[in-house]
1. Consider residue 119 against the criteria (1) in a helix (DSSP H, G or I); (2) closer than 26 Å to residue 51 by Cα; (3) free of Cβ contacts under 8 Å to residues at least 40 places away in the same chain: it satisfies all of them except one. Which criterion is unmet?
2. Show the residue pairs meeting these rules: Cβ distance below 8 Å; 6+ apart or different chains; first residue within the range 63-76 and in contact (Cβ under 8 Å) with a residue 24 or more places away in the chain; second residue surrounded by 14 or more Cβ atoms within 10 Å (Cβ to Cβ) and assigned to a helix (DSSP H, G or I).
3. Out of everything in the range 126-162 that is hydrophobic (A, V, I, L, M, F, W, C), touching a residue at least 24 places away in the same chain (Cβ under 8 Å) and out of contact with any helix residue (DSSP H, G or I) (no Cβ under 9 Å at 6 or more places or on another chain), what residue ends up being nearest to residue 74 (Cα to Cα)?
4. State whether the residues of the range 12-27 include one that is of a type in the set (Val, Ile, Thr), in a loop (DSSP other than H, G, I, E, B) and modelled with pLDDT under 85.
5. Return the residue satisfying two criteria in turn: it lies in the range 108-156 and is surrounded by 15 or more Cβ atoms within 10 Å (Cβ to Cβ) and of a type in the set (S, T, N, Q), and of such residues it is farthest from the chain's Cα centre (by Cα).
6. Looking at the range 63-72, can you tell me whether even one residue there is over 20 Å from residue 138 (Cβ atoms), modelled with pLDDT under 90 and exposed (fewer than 12 other Cβ atoms within 10 Å of the Cβ)?
7. Have a look at 152, 100 and point out the one that is closer than 22 Å to residue 51 by Cβ and part of a strand (DSSP E or B).
8. When you scan the range 122-145, how many residues do you find that are closer than 15 Å to residue 71 by Cβ and either part of a loop (DSSP other than H, G, I, E, B) or of a type outside the set (S, T, N, Q) (or both)?
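The values are calculated or read from the model by the stated rules, or taken from the named source; none is laboratory data. Keep in mind that what you see is a predicted model, and the values were worked out from it rather than measured. Every residue, glycine as well, gets a Cβ built from its backbone with ideal geometry; the counts of neighbours run over all protein chains shown.
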Amino acid sequence: MATKSEVATTDGKSVAKMSDDALVFERFLAAAEGGELDVDADDVTLDIVRRILSASSAAEVLDRVEPIHARDYLDRPFALKSVKFNESDFDSDAGKFYAVMDGFDDGGDPITVLCGAKQVIAQAWRLQDLDALPIKVKIMESTRTTKSGYKVMWLESLPPDF
């Protein structure tokens with residue numbers, strides 16, 4: 001846990017310096033506000049073309065990798081290898097962005113999981129920021145709903161040998 005420290009000002013008084021955690025959070029918010037979390041549609045298209053061109057069989061060429069909504073992949077292990085962030089098309093108070101998490105399921109098959117839950121977005125961003133990817137995780141969801149009617153989701157770590 002980051003701690004706050006004292007910093008001297010030019011008038012000799014000391015004030016609390018922002019904690020390291022708060023600085024990371026400010027960087028996250030600035031990235032969201034500045035559009036740095038936004039993925040260009042051309043990048044998505046290039047990823048699809050890359051996957052097709054790297055296929056080693058006709059079945060792989062014709063295989064469509066459909067994204068899975070996080071709600072449909074709860075409590076299932078996967079290796080999160082990369083994350084991108086797209087701006088949401090939905091007009092709601094749920095959030096402006098969602099995470100596009102690429103990885104592999106426990107059988108080694110590639111998967112893409114989409115999630116707009118704020119905690120998952122923040123965790124995925126920070127894992128990427130820490131250069132901690134790939135990492136084995138699962139998406140969990142609370143049993144209770146918030147006052148707004150949402151269920152809180154989060155990423156939970158798994159042992160390396162899942």
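1. Checking residue 119 against (1) in a helix (DSSP H, G or I); (2) closer than 26 Å to residue 51 by Cα; (3) free of Cβ contacts under 8 Å to residues at least 40 places away in the same chain, the one that fails is (2).
2. From the range 63-76, the pairs are 65/51; 70/120.
3. Kept after step one, since they are hydrophobic (A, V, I, L, M, F, W, C), are these residues of the range 126-162: 127, 130, 132-133, 135, 137, 139-140, 152-155, 158, 162.
Going one step further and asking which of them are touching a residue at least 24 places away in the same chain (Cβ under 8 Å), we end up with 127, 133, 135, 137, 139-140, 152-155, 158, 162.
When the remaining residues are screened for being out of contact with any helix residue (DSSP H, G or I) (no Cβ under 9 Å at 6 or more places or on another chain), the result is 127, 140, 158, 162.
Details: 127: 19, 140: 6, 158: 14, 162: 15 Å.
The extreme case among them is 140.
4. Step one: list which residues in the range 12-27 are of a type in the set (Val, Ile, Thr), which gives 15, 24.
Next, from what is left, pick out any that are in a loop (DSSP other than H, G, I, E, B): none.
Checked against the condition, which is being of a type in the set (Val, Ile, Thr), in a loop (DSSP other than H, G, I, E, B) and modelled with pLDDT under 85, the range 12-27 yields no hits at all.
5. Among them, the one singled out is 112.
6. Going through the range 63-72, the residues over 20 Å from residue 138 (Cβ atoms) turn out to be 63-64.
This time we only want the ones that are modelled with pLDDT under 90, so: 63-64.
From the residues that got through so far, the ones that are exposed (fewer than 12 other Cβ atoms within 10 Å of the Cβ) too are 64.
Within the range 63-72, one or more residues are over 20 Å from residue 138 (Cβ atoms), modelled with pLDDT under 90 and exposed (fewer than 12 other Cβ atoms within 10 Å of the Cβ).
7. Values: 152 fails: closer than 22 Å to residue 51 by Cβ.
Criteria check complete, one pass: 100.
8. Residues of the range 122-145 closer than 15 Å to residue 71 by Cβ: 138-143, 145.
Restricting the remaining residues to those that are either part of a loop (DSSP other than H, G, I, E, B) or of a type outside the set (S, T, N, Q) (or both) gives 138-141.
Looking only at that region, the number is 4.
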